[in-house]
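Below: one structure, written as structure tokens.
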Amino acid sequence: MSKHVELGVFIPVGNGGWIPSVTSPDIRSTYGYNREVTLLAEQLGLDFALSMAKWRGYGGSTGHWDYTLESMTTMAGLADATSRIQIWATVHTMIFHPAVVAKMAATLDQISGGRFGLNLVAGSNPSDQGQMGLWRDLDHRGRYALAEEWITAARRLWSEDRVDFDGEFYTLRDCMSYPKPRRHPQVVCAGTSDTGFRFTISHCDGCFLSGQSHADLVSRALRAKEIAAELGRTTKTYALLTVIPGETDAEAQARVDDYNAGVDVEALRTQAFEYGQDVRENTMARRMVQNGRDLLAVSEGSVVGAPETIAATIAGLVLDGDLDGITLIVPDFLDDLRTVATRVAPLLAERGVHTLAATATATAAATATAAASTMVAAAGRG
Ligand SMILES: Cc1cc2nc3c(=O)[nH]c(=O)nc-3n(C[C@H](O)[C@H](O)[C@H](O)COP(=O)(O)O)c2cc1C
């Protein structure tokens with residue numbers, strides 16, 4: 001079996017990255033650091049850079065995510081700083097009006113030259129958006145009903161001259177929105193419940209997925225494609241994976257043990273409390289509550305090991321789950337990202353999982369060899 005997958009990086013716009021621990025790399029979440037990460041990702045041949053939207057941190061000894069850059073404005077800067085990589089920003093449908101984001105997206109389409117994509121979040125938790133009075137106490141279905149109106153209104157504004165729209169949540173009267181984007185931006189959503197999948201498959205281009213374990217991830221990925229088939233549609237699936245590399249499996253595991261030893265228990269408990277206020281059908285919330293019980297800085301389901309081990313695990317997930325993309329989280333977004341792109345991606349190709357990163361690595365190696373031969377020849381002549 002052989003498959004092409006997109007590789008992207010979940011850039012660390014929140015301090016501490018995704019490992020709430022006093023012993024993990026001290027990620028500062030500044031624009032400068034995220035710019036460096038995104039430029040590196042572009043150079044390494046990654047397909048996309050995604051940033052999250054988060055409004056409230058979890059405190060604790062690390063002050064986890066107390067500092068977060070805003071997603072749309074960060075990605076506007078990164079769209080201008082880059083030239084090839086896809087630039088995906090996140091918005092909460094409860095926070096931003098669709099007409100505001102429709103115009104922001106059209107602007108970002110120009111800044112990026114057509115590389116802009118949108119990650120829609122229909123949920124999150126009552127503390128995050130509630131702190132500013134913007135959490136709407138809708139049940140799960142209600143949230144996706146709102147998201148459905150939201151994306152319908154945005155898509156109409158991207159296509160039509162004037163829009164009249166009478167919804168339960170939004171009203172548009174002779175609403176004009178220019179400029180139009182050259183084409184509708186790629187829209188993804190991480191609604192990992194069946195309701196979330198139905199919304200995503202009907203209205204968006206791709207499903208972001210995460211899982212408590214590898215088996216859970218594969219089953220969610222296959223479930224998304226099953227629902228797409230039921231709806232007579234297609235969708236792309238992108239798995240969110242935390243990857244912790246080492247020279248050997250033992251070295252990688254030692255990193256995990258070290259991060260777990262320094263876990264910020266208070267931050268994890270706060271996160272579990274905030275998501276625990278609203279579990280219902282929300283699969284992500286259930287995971288956060290579980291994380292608050294496990295109290296691990298590195299969540300179960302992370303991919304840990306030497307490059308060969310990581311490649312074997314990721315190839316298994318891609319082929320078993322028929323995945324179309326991987327969104328990467330790493331502890332150190334410079335060194336570890338380089339390891340994944342230059343050492344894991346070529347090994348993935350040997351296992352039938354092809355990425356632009358592997359091609360970029362092979363091209364860089366061939367160019368370096370050609371440059372070295374030219375220098376040797378020149379030295380011989382001299
Ligand atoms: C790749 C990925 C990116 C996400 N980005 C965000 C984000 O930026 N902000 C946020 O609040 N939640 C984010 N989430 C979480 C989910 O979008 C959110 O909890 C959603 O409500 C879960 O959907 P469900 O309620 O259908 O399970 C992300 C999840 C994944 C897998």
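Screening GLY123 with (1) under 30 Å from ALA81 (Cβ atoms); (2) within 20 Å of the chain's Cα centre (by Cα); (3) of a type in the set (Gly, Ala, Ser) gives one miss only, at (1).
Is one or more of the residues making up region 224-232 closer than 26 Å to SER112 by Cα and open to solvent by 70 Å² or more (accessible area, probe 1.4 Å)? Working first, answer last.
Taking region 224-232 and keeping what is closer than 26 Å to SER112 by Cα, we get none.
Scanning region 224-232 turns up no residue that is closer than 26 Å to SER112 by Cα and open to solvent by 70 Å² or more (accessible area, probe 1.4 Å).
Scanning region 261-281 for residues that are charged (D, E, K, R) and open to solvent by 30 Å² or more (accessible area, probe 1.4 Å) returns GLU266, ARG269, ARG280, GLU281.
Applying the set (1) open to solvent by less than 30 Å² (accessible area, probe 1.4 Å); (2) assigned to a loop (DSSP other than H, G, I, E, B); (3) within 15 Å of the ligand (Cβ to nearest atom) to MET72 leaves exactly one unmet item: (2). Among the conditions (1) more than 16 Å from ILE244 (Cβ to Cβ); (2) under 21 Å from the mean Cα position of the chain (by Cα), the only one that VAL376 does not satisfy is (2).
Scanning region 40-51 turns up no residue that is touching a Pro at 6+ places or on another chain (Cβ under 9 Å), away from the ligand (no atom under 16 Å from the Cβ), closer than 26 Å to ASP128 by Cα and touching a residue at least 12 places away in the same chain (Cβ under 8 Å).
Any residue at all in region 141-152 that's away from the ligand (no atom under 11 Å from the Cβ) and farther than 17 Å from SER202 by Cβ?
To start, the set of residues in region 141-152 that are away from the ligand (no atom under 11 Å from the Cβ) comprises 142, 145-146, 148-152.
Remaining after also requiring farther than 17 Å from SER202 by Cβ: none.
No: region 141-152 contains no residue that is away from the ligand (no atom under 11 Å from the Cβ) and farther than 17 Å from SER202 by Cβ.
Restricting the first member to region 113-140 and to residues that are among the aliphatic types (A, V, I, L, M), and the second to residues that are assigned to a strand (DSSP E or B) and more than 11 Å from the ligand (Cβ to nearest atom), the beta-carbon pairs closer than 6 Å and six or more apart or on different chains are LEU118/VAL187.
Number of residues in region 272-326 that are touching a strand residue (DSSP E or B) at 6+ places or on another chain (Cβ under 9 Å), assigned to a loop (DSSP other than H, G, I, E, B) and closer than 23 Å to THR235 by Cα: the value is 3.
If you check ARG35, ARG28, which single one turns out to be of a type in the set (Lys, Arg), more than 16 Å from the ligand (Cβ to nearest atom) and out of contact with any helix residue (DSSP H, G or I) (no Cβ under 9 Å at 6 or more places or on another chain)?
Details: ARG35 fails: out of contact with any helix residue (DSSP H, G or I) (no Cβ under 9 Å at 6 or more places or on another chain).
Being of a type in the set (Lys, Arg), more than 16 Å from the ligand (Cβ to nearest atom) and out of contact with any helix residue (DSSP H, G or I) (no Cβ under 9 Å at 6 or more places or on another chain) holds for just one of ARG35, ARG28, which is ARG28.
Can you name every residue in region 4-18 that is open to solvent by 10 Å² or more (accessible area, probe 1.4 Å) and either out of contact with any strand residue (DSSP E or B) (no Cβ under 6 Å at 6 or more places or on another chain) or small (Gly, Ala, Ser) (or both)? Of everything in region 4-18, those that are open to solvent by 10 Å² or more (accessible area, probe 1.4 Å) and either out of contact with any strand residue (DSSP E or B) (no Cβ under 6 Å at 6 or more places or on another chain) or small (Gly, Ala, Ser) (or both) turn out to be ASN15, GLY16. Has region 103-110 got any residue that is within 16 Å of the ligand (Cβ to nearest atom), modelled with pLDDT of 95 or more, open to solvent by 40 Å² or more (accessible area, probe 1.4 Å) and β-branched (Val, Ile, Thr)? Scanning region 103-110, I find no residue that is within 16 Å of the ligand (Cβ to nearest atom), modelled with pLDDT of 95 or more, open to solvent by 40 Å² or more (accessible area, probe 1.4 Å) and β-branched (Val, Ile, Thr), so the answer is no. Annotation: of all residues in region 83-102 being open to solvent by less than 10 Å² (accessible area, probe 1.4 Å) and outside any strand (DSSP E or B), the one that is farthest from the ligand (Cβ to nearest atom) is ALA102. Taking LEU138, is it crowded, with 20+ Cβ neighbours inside 10 Å, within 16 Å of the ligand (Cβ to nearest atom) and outside any helix (DSSP H, G or I)? No. Apart from one condition, VAL353 fits all of (1) crowded, with 21+ Cβ neighbours inside 10 Å; (2) closer than 30 Å to ASP66 by Cα; (3) touching a Lys or Arg at 6+ places or on another chain (Cβ under 8 Å); the exception is (2).
Within region 316-335, the set of residues being open to solvent by 30 Å² or more (accessible area, probe 1.4 Å), under 11 Å from VAL5 (Cβ atoms) and among the aliphatic types (A, V, I, L, M) comprises LEU319 only. Looking at GLY77 and the list (1) farther than 24 Å from PRO25 by Cβ; (2) open to solvent by 10 Å² or more (accessible area, probe 1.4 Å), which single condition is not satisfied? With respect to (1) farther than 24 Å from PRO25 by Cβ; (2) open to solvent by 10 Å² or more (accessible area, probe 1.4 Å), GLY77 is out only on (1). Please determine whether any residue of region 240-260 is buried (at least 16 other Cβ atoms within 10 Å of the Cβ), in a loop (DSSP other than H, G, I, E, B) and modelled with pLDDT of 95 or more. Checking region 240-260: at least one residue is buried (at least 16 other Cβ atoms within 10 Å of the Cβ), in a loop (DSSP other than H, G, I, E, B) and modelled with pLDDT of 95 or more. So, in region 282-298, of the ones that are crowded, with 20+ Cβ neighbours inside 10 Å and at pLDDT 90 or above, which residue ends up farthest from the ligand (Cβ to nearest atom)? Filtering first and then ranking leaves ALA297.
The values are calculated or read from the model by the stated rules, or taken from the named source; none is laboratory data. The shown structure was predicted, so the numbers you read here are calculated from the model rather than taken from an experiment. Because the Cβ atoms are built from the backbone with ideal geometry, glycine has one as well, and the counts that use them run over all protein chains shown. These accessible areas exclude ligands, DNA and RNA; they are computed on the full protein's heavy atoms, side chains included. Shrake-Rupley method; radii C 1.70, N 1.55, O 1.52, S 1.80 Å.
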